[in-house]
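One structure is given here, and the rest of the page talks about it.
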Amino acid sequence: MNVSEIRLDISQRFSGIDQEYADGKYGIKMLLRRTDIPTVEGLPLILNCFTYVFGQNRGLISRLTEIVLSSKKIDEALPFSLATYGSSSNMYDLEHVGIVTPDLTVISKWGTGHVFEHPPEHISAAYGPVKFYRVDMEKIYGYCHSSLITFLNKR
């Protein structure tokens, strides 16, 4: 299958219930089940891809938007770069985000579902095309604690 067919196949099955379909296919590996995400008073601590990558902190999104907007767009994935997905060139219209691993795969949380490691292009077509940005992880660390960044630094 080519990348477009893989993305369409994932898109057609993309729901919280059927995300498990992707595990083990097309180089995709489930790292964390939605049911294993810690909760506080019944609410998950990690709500979506943005809180998985950047953590949660009051006022965090506006500061991170500034960081990303000041980051350099790059042509290909590099370890610890930011993988962004969206049809628009406007960073405010992002549909999805993940972090590139040293193996040049992406780790991201799919909607309110599970956390996956996947090739950059092997994700739901609904998220749009992938773009990569070289970000200053030290700045991000200064603003938040993210389990993903901690995990990647241990690899």
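The values are calculated or read from the model by the stated rules, or taken from the named source; none is laboratory data. These figures come from a predicted structure and were not determined experimentally. Heads up, the Cβs are rebuilt from the backbone with ideal geometry, glycines too, and the neighbour counts pull from every protein chain shown.
The table that follows gives values for the structure above.
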| read-out | value |
| --- | --- |
| Residues within the range 92-115 that are in contact with a strand residue (DSSP E or B) (Cβ under 7 Å, 6 or more places away or on another chain) and either surrounded by fewer than 23 Cβ atoms within 10 Å (Cβ to Cβ) or of a type in the set (Val, Ile, Thr) (or both), tallied | 11 |
| Check on VAL130, touching a strand residue (DSSP E or B) at 6+ places or on another chain (Cβ under 9 Å), at pLDDT 65 or above and crowded, with 20+ Cβ neighbours inside 10 Å | no |
| Hits in the range 22-48 - residues which are outside any loop (DSSP other than H, G, I, E, B), modelled with pLDDT of 75 or more and within 11 Å of GLY113 (Cβ to Cβ) | ALA22, MET30, LEU32, ARG34, THR35 |
| Residues (under 12 Å from the mean Cα position of the chain (by Cα) and either part of a loop (DSSP other than H, G, I, E, B) or farther than 17 Å from ARG7 by Cα (or both)) located in the range 87-111 | LEU94, GLU95, ILE99, VAL100, THR101, THR105, TRP110, GLY111 |
| Any chance GLU66 is modelled with pLDDT of 90 or more, farther than 16 Å from LEU47 by Cα and surrounded by fewer than 20 Cβ atoms within 10 Å (Cβ to Cβ) | no |
| Number of the condition not met by LEU78 [criteria: (1) at pLDDT 80 or above; (2) touching a Lys or Arg at 6+ places or on another chain (Cβ under 9 Å); (3) surrounded by 18 or more Cβ atoms within 10 Å (Cβ to Cβ)] | (3) |
